[in-house]
Every structure is written in C-alpha cells, then in structure tokens.
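Below is one structure, written out as structure tokens; the observations come after it.
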Amino acid sequence: MITEERHQRIVSELKQKGSVRVADLVEKFNLSESTIRRDLDHLEELNYLKRVHGGAVSVQNKFIEKSYHDKSSEFVTEKDLIAKYAASLVEDGDSIYLDSGTTTYEMIKYLKDKDIVVVTNGLSHVESLINQNISCFVLGGKVKPKTKAVVGYEAISTLGRYRFDKCFMGSNGVHYLHGFTTPDPEEAMIKENAIKAANDVFVLVDETKFGEVSFTRFAKIDEATIVTNRQEDLNQYQDKTLVKVVRK
C-alpha cells in the first residue's frame, strides 16, 4: 500500500471513529510503530488530526458539538479513571452539580451509597441517579436532543435557587489563555451559572481537550480545578490553576 493511500485510510477512519490508536494502525496495516507515528505526525502538520498519547484524534470544529452517543463511546477507559477519582472527592452531606457530559455520567456509579443531593441538567443522568438511590433534581427547560442537555432561561432561573458544595463539569476545550470552552452558548450559560453557585469547581477532561478552543467560554482557567489523565507537561496550566493528574 502506497503512503498516500494509507494516509487517506487513516483520515477516513478518523472521520468515522473520531480517534485512532497507534497499536491498532500497526496491526491494521502490518507496519512498524515508527512508520505509523511518522504518518500521524505528517497528517498533524496538514491539520487533519491532533496527536495525543498513544494515537490521534480528529481536529475539533469549534462550532460543532458531537452527539451524546458519539462522545460516550470515546476514551471510555480514560473517562472512567477520571470519573472514579472525581467521585472520591464527594463527601456525605454534599450537594453537588453534575453537568450533562459523558464523563460526569461515569461518576454516578461511584457515588452509590453516599448521602448526597445531586442537581443535573443531563437527562441521561437521571435514570442512573435513581438506580443508585441518589436524591436528585433535574433542571427544567429546553432539551437539546443531540447532547441530552437541558438549557434555556427556565433552567438558568432554576439554577439560581441552588447552592452547591461541589460542581463537576465537562469541557470541549481547555486552553491556558482562553479558558474552558464549549460550542453552544446556551450550554455555556448553564455551566457558567452552575459554577457561580458552587464552592468548589472541577472540570473533568481527557488529554484530547488540552489546547482546544471552542466557540463560547464558560470559565477562566483559574476558576476550576482540572481533573485529567493527561501525561504530558502541564506547567503552563499549573501556573494558573490546580491540576489533578489521575493515573491507574
């Protein structure tokens, strides 16, 4: 297989899956790891992808939000690791806010048997919270079918009634200058108001979110503690905020 054809097939797989791993491509093309890494480096230079630990992800469009279904199947192991650590921060007696992200959803199974109250705008979260016998409130308002999030004036108005010990957020982008960002201004407003109502704020992100900037900022980089699996150097972020790097 010629190099150009291989590059096209890698890009095609990225478009379908959103991410690729070096080990999988080595097996798929029966080539050396060094050759595949060179392929990915070249495609990154052409802005077809973004290199991450162990592979690559497709370049994000700052205006486009992936569906909940698509996001839930990406980086499952990393999300579970981050979610488990985040859940360990929750104590009996806490009132917490969980936003509608897929990583915050993974926290719920680790909150079982904790004496807490949860408020969420994630429709996907509600059934899981009920199954874990966790006292919960869901915001009312407009439902976004793509992300299963409740947004809008009614949701913001309801949020104003609550105060949280801890708030757990997802984010499409994390940038040391541009802060935490998301494609949808309506979701950004929900996140921003939940953060204002919380004593402690945690943003749960896998390594692919660093350096990305989406359309709407919902918080400055120093307004939250980052919980991540990222292995690379985080000095530029640690100068501005607290970063918890979670490892197995």
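Give me the distance in nm between label points sitting 7 Å out from Cα along the Cα-to-Cβ direction at Val11 and Asn199, one decimal.
Simple spin-label model gives 5.2 nm for this pair.
Students often forget the sequence filter, so: which aspartates and glutamates lie under 13 Å Cα-Cα from Lys146 once same-chain residues fewer than 8 apart are removed?
The reachable aspartates and glutamates, counting only those whose Cα sits under 13 Å from Lys146, are Glu65, Asp70, Asp184, Glu187.
Is there a quick way to get the dipole size of segment 68-245? I mean about its Cα centre, with the Cβ of Lys and Arg at +1 and of Asp and Glu at -1; what is the value in debye to the nearest 20?
Computed about the Cα centre, the dipole is about 380 debye.
How many angstrom separate the Cα center of segment 97-151 from the Cα center of segment 183-216?
Computed from Cα coordinates, the inter-centre distance equals 16 Å.
So which trypsin sites (Lys or Arg not before Pro) in segment 115-196 end up in coil per DSSP with only 16 or fewer other C-beta atoms within 10 Å?
Loop-located and lightly packed - Lys146, Arg161, Arg163.
Defining a contact as two alpha carbons under 8 Å apart and six or more residues distant in sequence, what relative contact order in percent does the chain show?
16
Given Lys15/Lys109; Lys144/Lys209; Lys112/Lys209, which pairs have Cα atoms separated by over 26 Å? List each step's numbers first, then the result.
Details: Lys15/Lys109 31 Å; Lys144/Lys209 22 Å; Lys112/Lys209 28 Å.
Lys15/Lys109; Lys112/Lys209, as the Cα separations exceed 26 Å there.
Nearest 0.05, what FRET efficiency do Val213 and Arg161 give at R0 = 41 Å with Cβ-Cβ as r?
Details: r = 32 Å, r/R0 = 0.79.
So, using R0 = 41 Å, E works out to roughly 0.80.
Of His42, His175, how do they rank once you tally other Cβ atoms within 10 Å and put the fewest first?
In increasing order of surrounding Cβ atoms, one gets His42, His175.
We did not get these values from a lab; they are worked out from the coordinates using the rules stated. Predicted model only: the values in this text are computed from it and were never measured. Please note: Cβ atoms are built from the backbone with ideal geometry, for glycine as well, and neighbour counts cover all protein chains shown.
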